[in-house]
Amino acid sequence: MLKNSSQNKLLSKAIAPVLYFGLTSIVSATTVVTQWNDAALQAIRTTRPAPTVVSRALAITNTCMFDAFAAYDAKAKGTQLGINLRRTEAEFNDTNKHKAISFAAYTCLKNLFPSQTESFNTLMVTLGYNINEPITSPFTPAGIGLAAANAVIVFRSVDNSNQSNSYVDTSNYTPINTLTTVNDPNHWQPLQIGSTIQSFVTPHWGNVTPYALTTGSQYRSTLKAPADYVTEPQRYKNQAQQVVDYTANLTDEKKVIAEYWADGPSSELPPGHFVLFAKDISTRDGHTIDQDVKMYFALTNAVFDAGIVAWDAKRAFDYVRPVTAVHVAFAGQNIPSWQGIIPAADWKPYQPANVVTPSFPEYISGHSLFSAAAAETLKLFTKSDYFGSSVKILAGSSKVEAGKVPAVDTTLYWATFSDAADEAGISRRYGGIHFVDGDLESRKLGRLVGQQAWFKSLSYFNDPTFSGNYYDPNTKILTLEDVNIKGKHYSITLTNKGNFQFTITSSVAFGGQAAASTVEYDAIKGIVSIPNLLVEGKLYSATLHSAANSIFSLDAVTPL
């Protein structure tokens with residue numbers, strides 16, 4: 001309980017502006033950061049790299065931009081050169097940031113997508129820059145951009161991705177099953193799609209140097225083991241049956257969901273999908289260059305780590321896709337499908353004919369992991385899970401059932417980032433691409449990966465306004481992102497049950513680096529000390545006092 005009414009009024013005053021948010025109109029705008037991300041996404045659509053390669057490219061692009069920006073910020077530190085490029089405060093202006101960021105993005109994108117150099121040249125000219133500008137000093141905006149990008153490029157050139165050799169596998173993977181023979185129903189089977197026989201895309205990716213993770217296998221031991229065909233035949237068949245049931249009972253809305261999130265060829269792929277959403281947030285919230293460069297940096301590096309975790313598990317478990325499991329589990333039977341009653345041998349997922357199923361193992365789900373990590377990051381960055389976005393899918397626009405699905409225009413709406421991520425996850429079950437465990441286990445891991453990456457990003461921001469501790473009056477949830485309890489670190493959420501009496505609703509232990517402003521819990525005194533609590537853009541120092549039954553009361557709050 002608050003000790004006096006003046007403190008109550010203080011928090012009320014700080015919280016009040018959020019009640020009107022979303023009722024005002026916001027003029028659409030872009031920053032140089034969103035422009036270069038648009039350029040990166042277009043290069044991805046044109047060149048069609050693997051999802052893992054997409055996540056790495058976006059992370060590198062935004063890391064280069066962040067490191068260039070850091071030279072013109074009093075607090076931020078570059079990931080490679082620290083504060084060595086930092087300029088004087090007199091130079092901290094958007095003109096210099098704009099140019100340094102552009103030269104950084106231009107330099108790294110040419111390295112990542114050399115075939116798209118002409119389009120990057122065009123954007124530089126459009127932005128008013130000379131791509132042949134002589135760079136005589138590393139401390140001009142152009143020089144800083146070049147130096148920042150080159151440092152990141154050098155670091156990433158030895159990250160085990162094998163970029164210099166077109167990301168070719170370095171792990172000597174060989175599939176247990178062949179195109180025509182299932183030697184072990186627990187393992188992935190390559191398929192023939194058109195004239196192309198699938199091969200496991202980037203099976204070595206779990207060995208890539210991560211952003212914040214200790215290793216790609218950091219969370220592997222926490223995963224539930226997938227169903228075993230030999231020792232758990234009923235569980236194996238049950239998960240296959242669930243996929244059959246999903247695809248046999250698809251409504252138009254579920255078909256739209258399956259296709260919208262599929263992100264097949266000629267798209268920005270799953271790692272790029274939330275980058276599109278980030279642009280919506282930038283426009284919605286009227287971001288500055290500073291805000292965008294931090295948001296995209298944190299987002300894309302979290303997604304990058306998510307890909308490393310996902311592919312570590314895919315390589316380790318090498319697990320069967322539903323399309324093979326259904327054929328095995330129901331061999332010789334007729335089963336329902338989205339195409340009607342058919343022989344099990346003819347069953348296929350609800351996917352376009354040029355996709356059928358991805359060219360890598362099932363467990364765990366990249367879609368679910370990428371999306372959960374991205375949603376967690378955007379939630380942490382914006383200090384709220386609120387999204388409030390939608391997309392309209394036009395009638396008859398299906399690639400699977402062209403001209404028929406959906407029968408009428410269909411709108412998908414996501415109230416929260418978490419809603420969007422969850423829909424991305426279940427879309428793969430609707431589409432017949434993943435089993436339930438592959439989806440749900442990945443959602444849990446995605447949130448952990450997102451949190452761990454966020455703490456790493458905070459160390460580079462070095463900014464107390466990103467303390468990671470905030471109160472969201474919409475949801476009445478108090479989030480404390482790095483609580484130190486006897487030397488161990490936890491992410492904790494508490495829900496205001498009324499009169500600022502909080503009950504713990506979530507607690508997650510993690511092994512990552514502590515954020516700059518660690519929340520301290522004194523178990524003897526029963527007091528939680530929060531040095532930096534963000535409430536609608538304003539910082540406060542607060543303490544919570546423990547009462548009975550794990551209920552905490554707001555004890556004191558002081559504006560900073």
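Suppose R0 equals 45 Å; then what is the FRET efficiency for residue 89 and residue 131 from their Cβ-Cβ distance, rounded to the nearest 0.05? Computed FRET efficiency for residue 89 and residue 131: 0.95.
Computed from the alpha carbon atoms alone, the convex hull of the range 32-156 holds 97 Å³ per residue. For the chain, the residue among 111, 168, 495 whose Cα projects farthest onto the positive side of the dipole built from Cβ charges is 495. Among 545, 287, the ranking by other beta carbons within 10 Å of each residue's beta carbon, starting with the fewest, stands as 545, 287.
How high is the relative contact order of the chain, given as a whole-number percent (alpha carbon pairs under 8 Å, six or more residues apart)? Over the chain, the number comes to 16 percent. Contact order for the range 32-156, expressed relative to its length and based on alpha carbon pairs under 8 Å spaced 6+ residues apart, stands at 31 percent. Potential lengthening of the chain between residue 415 and residue 231 amounts to 62.1 nm, from the contour at 0.36 nm per residue minus the alpha-carbon distance.
Panel order for 205, 188, by other beta carbons found within 10 Å of each beta carbon, from fewest to most: 188, 205.
Ordering 297, 120 by the number of other Cβ atoms within 10 Å of each residue's own Cβ, fewest first, gives 120, 297.
Per residue of the chain, the DSSP helices (runs of n ≥ 4 H) give a summed -39500 (n - 2.57) that works out to -13500 deg cm²/dmol at 222 nm. What residue among 319, 373, 298 has its Cα farthest toward the positive end of the dipole of the range 231-461, where the charges are +1 on Lys, Arg and -1 on Asp, Glu, each on the Cβ? The residue sitting farthest along the positive end of the dipole is 319. About its Cα centre, the chain has a charge dipole of approximately 580 debye under the convention of +1 per Lys or Arg Cβ and -1 per Asp or Glu Cβ, with nothing else charged.
Put simply, the Cα atoms of the chain extend 73, 68, 47 Å along their principal axes, the longest span coming first. Two tests apply to each whole DSSP H helix in the chain, Cα reach of 30 Å or more along its axis and mean Kyte-Doolittle hydropathy of at least -0.5, and the ones passing both are 289-317, 436-461.
Here the spin labels are modelled as points 7 Å beyond Cα on the Cα-Cβ line, and at residue 556 and residue 179 they lie 7.4 nm apart.
Students often get this wrong, so check it: of 294/379; 110/314; 255/444; 488/525, which have C-alpha atoms separated by over 20 Å?
Details: 294/379 14 Å; 110/314 30 Å; 255/444 25 Å; 488/525 18 Å.
Pairs exceeding 20 Å: 110/314; 255/444.
Contact order for the range 392-455, expressed relative to its length and based on alpha carbon pairs under 8 Å spaced 6+ residues apart, stands at 19 percent.
Throughout, read-outs are computed from the coordinates displayed, never taken from laboratory work. As the structure is a computational prediction, the values presented were derived from the model and not from experiment. Cβ coordinates were reconstructed from backbone atoms using ideal geometry, including for glycine residues, and neighbour counts include every protein chain displayed.
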